[in-house]
1. Trypsin sites (Lys or Arg not before Pro) within the range 58-145: which are DSSP loop residues with at most 11 other Cβ atoms inside 10 Å?
2. Viscosity 1.306 mPa s, temperature 10 °C: Stokes-Einstein D of the range 455-609 from its Kirkwood Cα radius, in µm² per second?
3. Using square roots of five times the C-alpha gyration tensor eigenvalues, list the equivalent-ellipsoid semi-axes of the range 3-245 in whole Å, biggest first.
4. Amide H to amide H under 5 Å from ALA328: which residues, 5+ apart in sequence or cross-chain, H placed 1.01 Å off N in plane?
5. Return a whole-number percent for the relative contact order of the range 77-160, with Cα pairs under 8 Å and 6 or more residues apart as the contact set.
6. Can you tell me the mean projection area, over all orientations, of the convex hull of the range 248-452's alpha carbons? Units nm², please.
7. Taking a ≥ b ≥ c as the square roots of the eigenvalues of the Cα gyration tensor of the range 374-458, is the shape rounded (a/c under 1.5), prolate (a/b larger than b/c) or oblate?
8. Report the Stokes-Einstein translational diffusion coefficient (µm² s⁻¹, integer) for the range 511-595, Rh taken as the Kirkwood radius over Cα pairs, at 4 °C with viscosity 1.567 mPa s.
Amino acid sequence: MCGIVGYVGTRKAMPILMEGLAQLEYRGYDSAGVALNRGAGIDVIKRCGRLQELKKALPKRSAAKCGIGHTRWATHGEPSDLNAHPHTDPSGELVLVHNGIVENARELAGFLEAKGIDFATETDSEVLAALIAHEYQELETPDLFEAVQSALNRVTGAYGIAVMHTSVPDEIVIARNGSPVVLGLGEHEMFVASDASALVSHTRQVIYLDDGDVCRVRAREYEIENLLDQHADRQPVTIDLESTRYELGEFDTFTLKEISEQPDAIRRVLRGRLDKRFNTAHFGGLNLEPAEMLGFKRIKLLGCGSALIAGSIGASLIERLARIPADAESAAEFRYRNPIIERDTLYFAISQSGETYDTLSAVQEIQRKGGTVLGVVNVVGSSIARQCGAGVYLHAGPEIAVVSTKTFTSTVVVFALLALYLGRMRDLSPAEGGRIIEALEKLPEQVEGLVARKEEVAEVAERYARFSDAYFVGRGESFGLAREGALKLKEVSYIHAEAYPASELKHGPLALIDEETPTVAIVPDDDLYAKNISTLEEIRTRGGPLLAIGQSDELAGFVDDCVVVPQTHPALQPIVHLIPLQLLAYECAKIRECDVDKPRNLAKSVTVE
Ligand code: G6P
């Protein structure tokens with residue numbers, strides 16, 4: 001998704017902006033650009049395609065010490081040099097980079113066109129640049145900060161922006177509403193970014209803007225007000241991110257790096273959260289007393305994409321261990337169906353980035369109606385984490401590849417812990433709690449063992465990567481895994497993949513099973529094992545290629561290929577079955593020569609509707 005960077009200080013801006021943009025590449029983009037404020041004028045350089053294209057077009061050197069940059073993921077207007085950011089006003093004196101969507105752009109464009117302003121692009125961002133320039137000219141004493149405030153008062157929609165004007169070559173004005181903007185405080189220099197990862201190599205002292213904030217940024221000072229001209233007091237926080245952890249290291253791709261980091265990610269999720277005295281789990285940030293927790297009669301989990309799927313597995317675990325009715329729903333669907341918010345329902349918002357707009361809006365809808373919502377979030381200090389104010393951090397470390405791997409696993413482990421905690425408040429016995437803790441403690445090593453079997457999965461992938469369609473089937477929590485397996489495969493290898501509950505296969509999709517349509521079946525050693533074997537027979541009879549991921553050696557007798565995973569507590573089966581599914585998608589993508597870290601058309605963090 002779109003990314004913003006900015007710099008004002010004593011050093012040359014261009015290399016700092018380019019370095020920041022490179023850090024944001026992982027979010028997904030189709031064009032990029034920078035604007036360098038020389039005072040005598042602003043140079044705007046922008047190109048469709050990857051950063052290398054932009055690099056080729058940059059001047060050899062630029063003395064500008066103030067600039068802004070952008071990676072764009074097209075929403076309004078196709079990816080092109082023209083539509084790329086920064087955008088300028090018609091005079092070329094004001095430049096802007098923008099994340100988000102201006103919903104009343106058409107109406108604002110009409111207003112400006114009536115005043116004789118023509119637009120060169122199809123973007124809402126150009127309209128915003130022209131609107132700020134218009135407000136600037138209307139002011140008695142021209143001031144960029146005030147012009148931004150006044151323009152934003154006329155805007156509906158979501159935005160994170162950074163704006164410069166030739167008349168103030170040492171100033172950037174930034175603003176936020178629904179799309180994150182972070183200010184990084186340096187020594188006689190300031191950094192701006194839409195994501196702290198882009199400035200963490202320069203400073204750890206940051207200020208997260210809140211919705212409605214407008215901030216004047218200069219090398220040695222900043223000033224924040226809201227849209228009503230009132231002063232806003234925002235305290236700097238120290239972020240705990242190591243810039244080195246964004247490096248590829250010995251790996252070819254971030255996807256593989258992050259798959260391999262899963263044992264450590266699980267260790268971090270578990271750290272300090274296991275209570276062996278009472279055979280339960282504990283969490284520092286829920287901010288709810290046990291009595292309040294006991295009062296909840298239902299649990300609802302909300303998220304998008306993989307976060308939603310991890311939530312569906314989480315809901316099954318809560319029902320299984322705590323016997324509390326629980327379900328997961330797409331945050332985007334939820335927020336628009338005028339949901340009934342009940343006092344005795346506990347809501348969880350799940351998000352790796354903590355910035356997904358639909359999930360954030362669902363949180364705001366719940367809070368507006370008086371409901372209780374906790375965040376399950378990876379990025380510390382992100383919008384959803386701050387909006388919820390309480391919850392559980394994944395501590396999985398930065399996830400760069402567009403598709404989530406380690407944060408999916410960490411989310412499922414968090415819900416296993418929450419299910420244990422809620423279960424032990426109710427009917428789950430201490431002995432069963434103890435068995436779950438024992439299994440959780442073994443999990444990192446088991447996952448390590450599975451990751452090390454990459455070559456075995458690669459060999460299997462050789463036989464499956466050539467197909468154009470695939471089914472993934474499972475029952476119960478394994479159906480959630482089938483959904484994740486299918487999603488991963490289609491995202492990174494572009495093989496059309498569909499997930500079905502194994503029980504539903506004979507009610508429709510069986511019609512499509514033939515020698516060219518393989519099925520990946522998740523077959524744990526559980527009460528439904530025999531039922532799953534019947535499903536495998538149904539597929540085999542129709543000649544469909546079969547790959548099983550399961551726990552029994554006996555499976556090899558029923559299928560063409562089989563990956564046998566270790567035994568664990570039934571509640572943790574999803575984790576051990578997940579790793580081969582991730583590796584399968586990865587290896588198929590490699591064989592098909594796809595860009596596994598940055599799948600086409602997808603963004604890491606979707607900060608628009
Ligand atoms: C995008 C990504 C998905 C991700 C989803 C939710 O669609 O491509 O991989 O699962 O957003 O992201 P979040 O940051 O809220 O977990």
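Every read-out reported here was derived from the displayed coordinates using simple, explicitly stated rules and does not represent laboratory data. Not measured: the values here are computed from a predicted model. Positions of Cβ are backbone-derived with ideal geometry, glycine not excepted, and every protein chain shown enters the neighbour counts.
1. Values: sites: LYS60, ARG61, LYS65, ARG72, ARG106, LYS115; in loops: LYS60, ARG61, LYS65, LYS115.
For trypsin sites (Lys or Arg not before Pro) across the range 58-145 that sit outside H, G, I, E and B with at most 11 neighbouring Cβ atoms in 10 Å, the list reads LYS60, ARG61, LYS115.
2. On the way: Rh = 15.6 Å.
For the chosen part, D equals 102 µm²/s.
3. Here the semi-axes work out to 24, 21, 17 Å.
4. LEU301
5. With pairs under 8 Å counted, the relative contact order is 37 percent.
6. Its average projected convex-hull area is 10.9 nm².
7. It is oblate, given that a/c is not under 1.5 and a/b is not larger than b/c.
8. Reported coefficient: 95 µm²/s.
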